[in-house]
Each structure stands twice: as C-alpha cells, then as structure tokens.
Amino acid sequence: MDPQNTQVLLIEDNPGDADLVRLRLIEAKNTSEVNCVSRLSDGLASLANSQPSVVLLDLNLPDCHGAETFRKVLDKAPNTPIVILSGQDDEALATKALHQGVQDYLVKGDFTSKHLERAMRYAVERQALVRSLEISRKQQLEFKNRFLSHVSHELRTPLTCIHQYVTILLDGIAGPVAPEQNDHLKTVLKSVNQLHAMIRDLLEATRAESGKMRVEPRCIAVDGLIHQAVAMMRPTAQEKNVALEMGLDQRIPLVHADPDRVLEILINLMDNALKFTPPEGSVVVKASMVETDPGMIYVSVSDTGRGINTEAKALIFERLFQDPDTIDSNRTGLGLGLYISKELVNLQGGKIWVSSEPGQGSTFTFTLPLYSLASLLMPVVTYQGQMRPSFVLARVDLIPLRNPPRGNWKETWQECLEVVRRCVYLDKDLVLPPMAAQGPGEAFYIVASTDLQQAGIMTTRIREQLERVEDLSSKATVAISLVPVEFEPGKADISLEAKVQVLASRISEMIVDDMQVRPVREPARK
Amino acid sequence: MQRHKILVVDDDPDLLRALRLRLKAQDYDISTASDGYSAIATAQKERPDLIILDLGLPVGDGFVVLERLQTSNPLSSIPVIVLTARDPQNNEDRVMKAGAAAFFQKPVDNDELLNVIRVSLPRPESARAPWPS
C-alpha cells in the first residue's frame, strides 16, 4: 500500500468517532485522503462511482444495522478491502464478518494510530492476495477444461482409426475371418466403444463443471422416448439374459424437456441397471404421475441387482464416484454417468435420486416438469371471464424433401415457426412451443379460438406466407390440417380455470394421439 | 447404372485408406485428398457426387473448403458430409450454416454414415419417394 495515494472511504455516522479516525491517521503521519459519509446508502453510492483503497465501516448506521451492513458493502464492492469499526458489544459480529470476506476489525476507542495503519495496510495486502488466488484458481479451471477438451479431441483421431479397421475386418471387407478371430475382434470393438463413451463423458463432465452444458427443452411425449430407449437397450439385455420391461401409465401428459438429453439419461440409467443385474433378473422402466407432486412426471429405472449401501448412496451422483464394492469387471466407465445425468436433470428443472437396500435392488428416479398447456391457453381461450365458444386444433407440417434435410434445417424451420406466429391473432390463437420431432420434419400445433371456417382462412394465410419464405419450396413441402376440438366443459358452476384445464387436457390428448400415429424418429446418433 | 463418385478429404492417411476400403466395398468410386487446396482442385477436376470432409486440414481447413465449394457454381450442388473429431457444440451449427449436408463426429457409426451418404447422393427426380406422412 502506497500511503501517499491511499483513499479511505469512512462510513461512520458518529462525528466523534469519525474525527477520532482522522486524528489517528494524522498521528501516524498518514496522508490518506478520507471521504467520510454517515449513511450506508451514501457509502454504496460512492462505491458505485469510484473504488477506494480501503473501506472503514461502522456496523450501526442510521439506515442499516449489523451483519446486513457489511454484506451490502461486500455485494457492492467485492474486491475492496473492508475494515470494520466495531463497538465493544458487537465484537462477536465483527469476528463473524471475517469469515464472510471482511479483512479486519478494530474496536472503537481501543486502537492506536499504529493499529489503524497496520490494519489498513494488511487489509489491502490480503485482499490483493485473495484476488490473485481467485484469478489463478479460475485460470487453472479454465486450463483444465481446455486441456480435457483438447485431449478428448486428440484421442478421437486414433480411436477412429482403430474403430474403422476393426469394423473393416469384422465386416469381412478385408477377406474372410475365422470364427475365433471374429470373437477377438468383437472384444476389441467392445473396448473401443467403451473408450469412446469415456471420452464423451469426460467432455460432457467438463462442460457441466464450467456451466457450458446445453439443453433445448421442447414439448415432448416421454413415453415415446422410453420406448425408443428400451428398443436401443434390448440387445444388451438379451445378451445378459435380463428381462427389460416397461410400466407406463395409460395417459402420460407431455413434458417440457430436451428429448435428446432425456434419452441420454434413460440410456445411462438403464445401462447401469443392466450392468449390475445378474442373469435372470429384471430391469423395469416406469413413467407415472404422483398425486403429491402434480407439476412433475416421475420416470424410474428399477433393477433386481445387489443394491447400494448407505455410504455409496450419499456419493453416487458425485463426479468420479465408483462403488468400491463393485467387481472390477463391472467398472467400464469413468464414474461420470450419474454425475452427468444429475446435471442434465437439474438443468431441465427436475430432480434425481436413488432408493435402494443392499440385496434388494435399486430404483433411480428422475422428474421432469409437465408442460402446462392450461397456463399458456388461459389468455387466448377466454374473453371477459368466459370461455370462447369454439376451438380448432391446426397442425402445420414441414416435411423436408430429403432425409436428412440439406443445409441448415434448424434455421429453416425456426424461420417458418416465426412466420406462422405472425399469421395468427395473438389475443385468441396460440402457436404451441415446438414439439419433439417425431419424423424427419417439424410439426407446429396451433390452438385457434374460432370455428372451422375462420380457421380455414387462417391456414390459407399461413400457407401463402410460408410460400414466400426464401427457398422453402426447394427444401420442404408444407402440409396443414385442421380438427375441431370437441370437449365437454363440465358443469356450469366449475371455475374458469377448471374449464381451461379440461380444454387443455383434451388438446393434450389430441396431440399425443396425433403424435403416436406419426412415424417414429430414427434412433439418435451413437 | 454408373457408379457414384465420392471424394474423401482427411489429413490422416491411415483413416483415408480405411474409408476408401469401407466405401469401395459399397461399390462407390473413391478419390482422396489430404489438404484443403488439393480437395478443391480434385473437386474441380473430378466433379464428385459427394464429398466427405474433415475440418482440421493443412493448406485451408474444412471451413475454407466448404466456403470455396459453396461459392463455386458447378460445385455448390455437391453434398458435403463433414466428418471431424471436433466438438459438435462449437462446430455443427457453423458447418451446417456453411452449407454442409450433415455433421458427424469421429468415431462415426458406419451404418449411419453409409445411410446419410445414400440419401444425400443425387437421385433421379422420379425415384425420389415422398416421405410418408
């Protein structure tokens, strides 16, 4: 600290105490410039304008008392050193403040000029040290993440080569392979696939740690994803002689989640369950609603494996955790799968947990938020406290001319969605958020508070506007269909909210039914 | 029917050889290039029906190649499948915006790659079946 250029912000409402601080500084021949304010609000305003070298802070001010005082200053200027001027009776509080980022404290009336100067000097030095530690910690984290992402990229190149040549041999492209050689090659391929999964997990965990993991929630039918995941894991289950079953509620409402990520979580949980279930055992995937938690869908994966003990349960979602009781041959990953799943579930607004008793199998459950159609519909299907008289559900399909689509398909369909949104009446029509792609194309649903004839006019308008989208005709065809929404609003005395809920349920049913008859999407990329 | 011609661009000679073997087994004619400059030169000379392109290349990386192909009239219609070790999170959108037909991260599932090659290759107009609705 250069004593000549020190600027002190003194936040002290007692003029006597303020004068005493000035006096002590003069005694120490300290030429610091002291800016004294008597209210916290003035102090915070001063901190917003310029950063002093050090803040001397009284804890009992006219506009703020106690711990709140230093918390507000720390919030405003986290990098400015603070020395508290405490009374005899709030020394305990001052000690507490040290744990929260305040650098030092002096008891009023009990410090000399030397004490004051030393406290200020050390506060400045320590704060600088803390800051440089913080910066270096961030740099190290950044370096580690860059390093991991670089390594996983570099590992992919030789791995690709091994993968290619092994599959060339296995597929007989380089000539016939004897049955025993074939077996050996399959073992190599299995290890290559494991290595590949580890590299992927490593990168994903790095992303999760640095907050760069991305999810793109949509309105999706989770049972379709469970069917897909079960189909993907079926061969593994058969190989292990483990039964793979589904238990899905009759009507599962739509959820607001990222379909690729939900599939990833399902595959991960099922893969673990199959890994730890002995032959003749079973793995069951369920999706259901729970009365006590109406805003969520519960998805669970249960196995008849050997269960997880209490200590392991507490740590199982931590990074790099591996159950020490696991037989080595079952350890085929880095211990990142559940950590990644937890991060993905949290990012989508859900929770994940495990219930298990040793010897009794385990159940991993995660929740996903329901897609609340009723709250989206409320403003458009009602008018002056009444339900509007009639509703139509329209579907606009964009079917790409090629599968997979050429060019930037995502940009194309998003532009079309914007066009569709501009073609409806905002006060009485609703373009629903995009649904999970079921086929190669995209489908947008519109709820229109109108009759079929008026809805026909709306769809003509949509078609005309979509025809003006540049190059759309060379990329996709457009199909539009309309269905009137027939629903029984129930007794006249039920509330408007309840009526909208009935309508929303009816529309959800129609969409779920509609999506089920459409072609199922191809399996996601491995 | 005439065989489809595919240009494979990658700077790893071992992988290039593997992809050549793999694609030849599917009855495609293969030519190869191992840097950005010769990729464009070969594309101009041989007019392939499809290009498989790595991103990390010497003498003009994959993005440069994509851009040159897109701005060159007879070449811009050739479908390009990008096959790279790079992270899709930072590259896929960029590659698709630059006009690629598909993006795959290495190592790729062979069936998926072959499937995308099959559907991306030009077909006679009459053979283009509409997608079932």
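The values are calculated or read from the model by the stated rules, or taken from the named source; none is laboratory data. Because the structure is predicted, anything quoted here is derived from the model rather than measured. Every residue, glycine among them, receives a Cβ derived from its backbone with ideal geometry; neighbour counts consider all protein chains shown. Heavy atoms of the whole protein, side chains included, go into the accessibility calculation; ligands, DNA and RNA do not. Shrake-Rupley method; radii C 1.70, N 1.55, O 1.52, S 1.80 Å.
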Is it the case that the range A:397-405 has a residue that's surrounded by fewer than 22 Cβ atoms within 10 Å (Cβ to Cβ), within 14 Å of another protein chain (Cβ to nearest Cβ), closer than 22 Å to A:Thr460 by Cβ and not β-branched (Val, Ile, Thr)?
-> yes
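Residue-by-condition table, conditions (1) part of a strand (DSSP E or B); (2) within 44 Å of the chain's Cα centre (by Cα):
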{"position": "A:Asn35", "(1), (2)": "yes, no"}
{"position": "A:Leu44", "(1), (2)": "no, yes"}
{"position": "A:Leu57", "(1), (2)": "yes, yes"}
{"position": "A:Thr69", "(1), (2)": "no, yes"}
{"position": "A:Val73", "(1), (2)": "no, yes"}
{"position": "A:Lys114", "(1), (2)": "no, no"}
{"position": "A:Gln127", "(1), (2)": "no, yes"}
{"position": "A:Glu134", "(1), (2)": "no, yes"}
Looking at the range A:202-220, which of the residues that are within 16 Å of A:Pro434 (Cβ to Cβ) and in contact with a helix residue (DSSP H, G or I) (Cβ under 6 Å, 6 or more places away or on another chain) is nearest to the other protein chains (Cβ to nearest Cβ)?
-> A:Val215
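Yes/no matrix, rows are residues, columns are (1) modelled with pLDDT of 85 or more; (2) crowded, with 16+ Cβ neighbours inside 10 Å; (3) not small (Gly, Ala, Ser):
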| site | (1), (2), (3) |
| --- | --- |
| A:Leu338 | yes, yes, yes |
| A:Lys342 | yes, yes, yes |
| A:Gln348 | yes, yes, yes |
| A:Lys351 | yes, no, yes |
| A:Gly361 | yes, yes, no |
| A:Leu370 | yes, yes, yes |
Can you name the strands (runs of 3 or more DSSP E) wholly within the range A:184-301 that have at least 2 residues being modelled with pLDDT of 90 or more and touching a Gly at 6+ places or on another chain (Cβ under 7 Å)?
-> A:282-289
Please give the helices (runs of 4 or more DSSP H) falling wholly within the range B:52-133 in which 2 or more residues are modelled with pLDDT of 90 or more, under 13 Å from the mean Cα position of the chain (by Cα) and closer than 23 Å to B:Lys24 by Cα.
-> B:110-120
Within the range A:150-163, identify whether any single residue is among the basic types (Lys, Arg), within 12 Å of chain B (Cβ to nearest Cβ) and under 28 Å from B:Leu23 (Cα atoms), and answer yes or no.
-> yes
Answer yes or no as to whether A:Thr112 is away from chain B (no Cβ under 14 Å) and either loosely packed, with under 13 Cβ neighbours inside 10 Å or free of Cβ contacts under 8 Å to residues at least 12 places away in the same chain (or both).
-> yes
Of the numbered conditions (1) in contact with a helix residue (DSSP H, G or I) (Cβ under 9 Å, 6 or more places away or on another chain); (2) open to solvent by less than 40 Å² (accessible area, probe 1.4 Å); (3) under 17 Å from A:Phe111 (Cα atoms), A:Leu23 satisfies every one except a single condition; which is it?
-> (2)
For the range A:240-257 the number of residues that are over 21 Å from the mean Cα position of the chain (by Cα) and either under 10 Å from A:Val283 (Cβ atoms) or among the hydrophobic types (A, V, I, L, M, F, W, C) (or both) is 8
A:Ser41 passes all but one of the listed conditions (1) surrounded by 15 or more Cβ atoms within 10 Å (Cβ to Cβ); (2) closer than 22 Å to A:Ala97 by Cα; the exception is number (1)
Condition met for A:Glu318 (assigned to a loop (DSSP other than H, G, I, E, B), at pLDDT 90 or above and open to solvent by 40 Å² or more (accessible area, probe 1.4 Å)) | no
Among (1) more than 11 Å from chain B (Cβ to nearest Cβ); (2) modelled with pLDDT of 85 or more; (3) in a helix (DSSP H, G or I) - the single one A:Val166 does not satisfy = (1)
State which residue pairs qualify: first residue facing another protein chain (nearest Cβ under 7 Å) and inside the range B:103-118, second residue of a type in the set (Lys, Arg) in any location, beta carbons under 9 Å apart, and separation of 6 or more residues or different chains.
-> B:Lys106/A:Arg156; B:Lys106/B:Arg86; B:Pro107/A:Arg156; B:Asp109/A:Arg525; B:Asp109/A:Lys526; B:Asn110/B:Arg22; B:Glu112/A:Arg525; B:Glu112/A:Lys526
Of the conditions (1) part of a helix (DSSP H, G or I); (2) at pLDDT 90 or above; (3) open to solvent by less than 80 Å² (accessible area, probe 1.4 Å), the single one that A:Arg118 does not satisfy is (3)
Return the pairs, sorted by first residue and then second, in which the second residue is at pLDDT 90 or above and in a helix (DSSP H, G or I), the first residue lies in the range B:76-99 and is farther than 16 Å from B:Ile52 by Cβ and at the interface with chain A (Cβ under 9 Å from one of its Cβ atoms), the beta carbons are less than 6 Å apart, and the residues are 6+ apart or on different chains.
-> none
With the condition kept exactly as written, say whether any residue in the range B:35-43 is open to solvent by 60 Å² or more (accessible area, probe 1.4 Å), of a type outside the set (A, V, I, L, M, F, W, C), in a helix (DSSP H, G or I) and more than 10 Å from chain A (Cβ to nearest Cβ).
-> yes
